[in-house]
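The values are calculated or read from the model by the stated rules, or taken from the named source; none is laboratory data. The shown structure was predicted, so the numbers you read here are calculated from the model rather than taken from an experiment. Positions of Cβ are generated from backbone atoms using ideal geometry, with glycine treated the same way; all protein chains shown enter the neighbour counts. When the accessible area is computed, the model is the full protein with side chains, heavy atoms only, and any ligands, DNA or RNA have been set aside. Shrake-Rupley method; radii C 1.70, N 1.55, O 1.52, S 1.80 Å.
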Amino acid sequence: MGTSVLSLRIDGELLDRLRDHAAKRGMSVQDYVVRTLIRDDFDERFQTAVEETEKFYGRT
């Protein structure tokens, strides 16, 4: 299994929030994001967020 690079463009306010959450756990932003992505319930939470966004914009 190889590795890949993921680059994100993030709103400054969101980045500040991520920094705060990571700092509370003594982690870097990168480590915090990776740990969030590998959580067991991430897929379910992500799908729910997509569905709610689609409802908000009237796409469903």
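Some observations on this one:
- Note on LEU14 and VAL50: the model spin-label points, each 7 Å out from Cα along the C-beta direction, lie 1.6 nm apart.
- Taking all protein chains into account, the per residue accessible area for the chain stands at 97 Å² (1.4 Å probe).
- Secondary-structure-derived ellipticity at 222 nm for the chain, considering helices only, amounts to -19500 deg cm²/dmol, per-run term -39500 (n - 2.57) for DSSP H runs with n ≥ 4.
- Rh by Kirkwood over Cα pairs, then Stokes-Einstein D for the chain at 0.890 mPa s and 25 °C, µm²/s: 180
- For the chain, the longest principal axis of the alpha carbon atoms and the long axis of helix 42-56 meet at an angle near 40°.
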